[in-house]
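The values are calculated or read from the model by the stated rules, or taken from the named source; none is laboratory data. These numbers were taken from a predicted model, which means no experiment stands behind them. So basically every Cβ, Gly included, is an ideal-geometry build from the backbone, and we count neighbours across all protein chains shown.
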Protein chains: 2
Amino acid sequence: MTDCPSSPADRLDGVLATLRENGLAARISTSPSVLEAHSHGEAMDAARLPAAVVFAESTDDVATVLRACHAHRVPVVAFGAGTSVEGHVTPAEHGISLDLSGMTDIVELNAEDLDCRVQAGLTRQALNAQIRDTGLFFPVDPGGEATLGGMCATRASGTAAVRYGTMKENVLGLTVVLATGEVIRTGGRVRKSSTGYDLTSLFIGSEGTLGIVTEVQLRLHGRPETISAAVCQFSNLNDAVQTAIEIIQCGIPISRVELLDDVQMAASIRYSGLTGYEPLTTLFFEFAGAPAAVAEQVTQTEAIALSNNGLSFAWADTAEERTRLWKARHDAFWAAKAIEPTARVISTDCIVPISRLAELIAGVREDIARSGLRVPLLGHVGDGNFHALIITDHTPEGYARALDLDRKIVFRALALGGSCSGEHGVGMGKLEFLETEHGDGTLSVMRALKNTMDPHHILNPGKLLPPGRVYQG
Amino acid sequence: MTDCPSSPADRLDGVLATLRENGLAARISTSPSVLEAHSHGEAMDAARLPAAVVFAESTDDVATVLRACHAHRVPVVAFGAGTSVEGHVTPAEHGISLDLSGMTDIVELNAEDLDCRVQAGLTRQALNAQIRDTGLFFPVDPGGEATLGGMCATRASGTAAVRYGTMKENVLGLTVVLATGEVIRTGGRVRKSSTGYDLTSLFIGSEGTLGIVTEVQLRLHGRPETISAAVCQFSNLNDAVQTAIEIIQCGIPISRVELLDDVQMAASIRYSGLTGYEPLTTLFFEFAGAPAAVAEQVTQTEAIALSNNGLSFAWADTAEERTRLWKARHDAFWAAKAIEPTARVISTDCIVPISRLAELIAGVREDIARSGLRVPLLGHVGDGNFHALIITDHTPEGYARALDLDRKIVFRALALGGSCSGEHGVGMGKLEFLETEHGDGTLSVMRALKNTMDPHHILNPGKLLPPGRVYQG
């Protein structure tokens, strides 16, 4: 910012004056409640008020804002539903929060090609509600009611990734506003292409640090004819993990396989009234497809589970029972929270190669025992991704104890060839682990790309990349 | 190269001297036959002899070569099996061809996690032969016997992409040597991760212009329990395409669906002795999975085909008949070539959203009729990707006529929201279409990334990106 000696207040005034000149006066807010609502995402201490919030209603609006911010060197962070858990949407000092939550149009829907184009502020739930009549759906399902733009930013996934992949596999193209305000389109509508650098994948997971996504071309999928669910309980964790490994190895196209450990299961039985189950390690399964295929998947899965000492295999063949089970899974976070209603819950997000998952969790349990904290575990076990829901209090000491445990868990995962985040992203919360995970050389390349795309660091500064060496070709 | 006023010969001598100092003397060849073998890929006129060929046996060797080439500003292109059809491996003037075909180790095999790490010179056929006992396989199957490094470079796919995806979906991580000779690792072994820019996807499809891939971490898949095949013939192309659309829309997890038009089918009947079939538009299907699921897929597919005026639906339920059918499909190129044995065949590689495929092919047939050339069509119809096999003679005029037809086909595809290459890549052959396909802004970003990663343009210069504006953040 050496070329811009004016004060932060002057620079902000410059941006706001430009926006007013461009007809965006009514979209600017500095009301305390609006600023507060844009000062943080979920579950993150590091809140900071933005200097102003601007509500965008179009790609042109976003371009106008970025052009002004670029000219005046004012940092800007995109804001959608605010469901980030790693501090992604916390504004930079003297920065603008650019709210895209009003951009909720389905721009085009191509049912024959199983794709659609949406504005970045649309949530996946709203999309699926609006396209229900087509027989199609969008499968990526992070826990919160996130926007599709935000899901691009964090490379989100969820329980269905084992079958359908993550945002990476389900986005065909993007409209992106670059740091300068220039608008580009990446990818397109075709299923595959070999014509140049994969800019779509570069922006997906870039957490608003390389550009701001305003439109997303999504792959859709046909709603399965039949959906079935099953539950199997195990007296030890290794057997449950081995069951998941064998299901994947056999190529059973399972649509979900989720693990709840005994602590989580006890909480879920209590919270969700799951009668008929014991507080033991449990796998929840979902099967989807044509009827004979689903029946065959259930039979094969049951055989694998029982051969791995599964204690019981209950097939939920009615829609009501299936809904009851999966609602319990989706409410696992709230069940964990209900263990101590006044506590706070901090979620880890490690992932390892699936064969190392049982070993990792065994080590994690030793760390948990030593911490004295109560920590239910649940996992997208088909991917090797799991969340430890660390229950702590609201004191700084309680938060520090939780973070200390989180760190221990992350370093265990990294030592086993894993990653510190399967789906939540880096934001500010995972910055400290990136060098261990990727190495200095790989980070130096990421920094070089960042500097190329945004040399003045106006795009969500301080997120995703710790400072360090920059690759020089 | 203004900072490097020495002659190309001096600079090459500088590189070779450095390599000899580093113990690589025996890996350097300037024999005429070796230079000739590295002067071109397949089916491309623009051959050029390299100044020298260097045979790498390790990542360290590649790093040594690139360090020297970077210091002396000598261009370098990686060479694997030489199966590129778009001129990717043609060396730059006074450049080195760096042959990785000796790097064929499986570095690690993790059967429980369904992944492996291989050196870039290994072919997919050799990989699959070596891992057969594990019950696993690698599904991406371009036509030639390509190396896995080369398949990364072009973002290859093939007939199985409709089920398993392309290289993009099947590579978990890479070892890459950068322009400076620095070695980095991207990605890892985990199924998914949200920790930083997706450098793996950036290098996949970058055609050796951003770095040279020396190792690849691959996803493997379980060999299906049952495989079945079927064939359906149609009296018109629209019905065949509509059949493919409905199969995809219904979510039938078909493993292959290939279209042969009447001209191609006539050639294949003759070449492969396909008795019992008519020279009509034909769909070849392959189904894979557990037995009941496969039977159900066949039944569903038959119903869809017949409801779209399919003339017959023949289910090949023996391994012999299945092999005979799919061998005919894989030999389609040779069948086309056999139409005029002395001719040359030039393949187009367009892709469009599948709903536009029938419209595109109708237009293409008008172009073909006007060209007076004989052109069988075959397509990975589940993806909307098809190849027109343009049969022409070996004269410059014949080549020009073929390229003129190729251009007409490409612009038709681009006008329908398509791409000029589904799987072959840009190389030199598709450079002229990139601006129409992506737009100036998107290309300006690609050029900025290229300049960041390789400011002296030593890595496969002249490929993938036409010259033009560079994005300045």
How many residues does region A:98-122 contain that are within 14 Å of chain B (Cβ to nearest Cβ) and of a type in the set (A, V, I, L, M, F, W, C)? 5
What are the pairs with Cβ atoms under 6 angstrom where one residue, in region B:273-295, is within 15 Å of B:I247 (Cα to Cα) and the other, located anywhere, is assigned to a loop (DSSP other than H, G, I, E, B)? Sequence gap at least six, or different chains. B:E286/B:S255; B:A288/B:P224; B:A288/B:S255
Scanning region A:339-350 for residues that are closer than 24 Å to B:G187 by Cβ and surrounded by fewer than 22 Cβ atoms within 10 Å (Cβ to Cβ) gives A:S347
Across region B:140-163, which residue is nearest to A:L114 (Cα to Cα) among those that are away from every other protein chain (no Cβ under 11 Å), of a type outside the set (A, V, I, L, M, F, W, C) and touching a residue at least 60 places away in the same chain (Cβ under 8 Å)? B:T159
Residue by residue through region A:173-209, note down the ones that are within 7 Å of chain B (Cβ to nearest Cβ) and within 22 Å of the chain's Cα centre (by Cα). A:T186, A:D198, A:L199, A:S201, A:L202, A:I204, A:G205, A:S206
Taking region A:229-242, which residues are surrounded by 23 or more Cβ atoms within 10 Å (Cβ to Cβ) and of a type in the set (S, T, Y)? none
I need the full set of residues from region A:83-104 which are within 24 Å of A:L434 (Cβ to Cβ), surrounded by fewer than 24 Cβ atoms within 10 Å (Cβ to Cβ) and under 18 Å from the mean Cα position of the chain (by Cα), in order please. A:T83, A:V85
Test for A:G462: is it out of contact with any Leu (no Cβ under 7 Å at 6 or more places or on another chain) and under 19 Å from B:L202 (Cβ atoms): no
Which of the residues that make up region B:425-454 are facing chain A (nearest Cβ under 7 Å) and either free of Cβ contacts under 8 Å to residues at least 12 places away in the same chain or within 18 Å of the chain's Cα centre (by Cα) (or both)? B:G425, B:V426, B:K430, B:L434, B:H438, B:G439, B:T442, B:T452
Unique match (being within 14 Å of chain A (Cβ to nearest Cβ), farther than 28 Å from B:V176 by Cα, crowded, with 16+ Cβ neighbours inside 10 Å and hydroxyl-bearing (S, T, Y)) among B:S421, B:S371, B:S355: B:S355
Mind telling me which of the residues A:A156, A:A240 ends up being within 23 Å of the chain's Cα centre (by Cα) and within 23 Å of B:R219 (Cα to Cα)? A:A156
Criterion: small (G, A, S), on the phi < 0 side of the Ramachandran plot and surrounded by fewer than 17 Cβ atoms within 10 Å (Cβ to Cβ) - qualifying residue of A:A362, A:A388: A:A362
For region B:196-222, how many residues are surrounded by fewer than 24 Cβ atoms within 10 Å (Cβ to Cβ) and β-branched (V, I, T)? 0
Taking region B:298-321 and the residues there that are under 24 Å from A:A295 (Cβ atoms) and without any contact (Cβ under 8 Å) to a residue 60 or more places away in the chain, the one that is nearest to the other protein chains (Cβ to nearest Cβ) would be B:Q300
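One line per residue, one yes/no per condition, for (1) in the same structural domain as B:P91 (by TED's automatic domain parsing); (2) farther than 20 Å from A:G187 by Cα; (3) among the aromatic types (F, W, Y); (4) at pLDDT 95 or above:
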residue: B:V352; (1), (2), (3), (4): no, no, no, yes
residue: B:V375; (1), (2), (3), (4): no, yes, no, yes
residue: B:I390; (1), (2), (3), (4): no, yes, no, yes
residue: B:H394; (1), (2), (3), (4): no, yes, no, no
residue: B:D406; (1), (2), (3), (4): no, yes, no, yes
residue: B:F411; (1), (2), (3), (4): no, no, yes, yes
residue: B:K430; (1), (2), (3), (4): no, no, no, yes
Out of (1) out of contact with any strand residue (DSSP E or B) (no Cβ under 8 Å at 6 or more places or on another chain); (2) surrounded by 20 or more Cβ atoms within 10 Å (Cβ to Cβ); (3) among the polar types (S, T, N, Q), what's the single condition that is false for A:N451? (2)
All but one of (1) away from chain B (no Cβ under 13 Å); (2) touching a residue at least 60 places away in the same chain (Cβ under 8 Å) hold for A:H221; which doesn't? (1)
Scanning region A:330-352 residue by residue, those outside any helix (DSSP H, G or I), away from chain B (no Cβ under 14 Å) and of a type outside the set (V, I, T) turn out to be A:D331, A:E340, A:P341, A:A343, A:R344
Odd one out for B:R191 among (1) in contact (Cβ under 8 Å) with a residue 40 or more places away in the chain; (2) over 29 Å from B:C350 (Cα atoms): (1)
Boolean, B:F386 is in the same structural domain as B:C350 (by TED's automatic domain parsing), under 21 Å from the mean Cα position of the chain (by Cα) and within 30 Å of A:G181 (Cα to Cα): no
Out of (1) modelled with pLDDT of 95 or more; (2) surrounded by fewer than 24 Cβ atoms within 10 Å (Cβ to Cβ); (3) of a type in the set (D, E), the odd one out for A:E225 is which? (1)
From B:A362, B:A402, B:A388, B:A413, residue being among the hydrophobic types (A, V, I, L, M, F, W, C) and within 11 Å of another protein chain (Cβ to nearest Cβ): B:A413
From A:E296, A:E321, A:E302, residue being modelled with pLDDT of 95 or more, charged (D, E, K, R), surrounded by fewer than 19 Cβ atoms within 10 Å (Cβ to Cβ) and part of a helix (DSSP H, G or I): A:E302
Of B:A63, B:A47, B:A129, the only residue that is surrounded by fewer than 24 Cβ atoms within 10 Å (Cβ to Cβ), small (G, A, S) and outside the structural domain of B:E21 (by TED's automatic domain parsing) is B:A129
Being assigned to a loop (DSSP other than H, G, I, E, B), assigned by TED's automatic domain parsing to the domain that holds B:G208, surrounded by 24 or more Cβ atoms within 10 Å (Cβ to Cβ) and among the charged types (D, E, K, R), is that true of even one residue in region B:154-162? yes
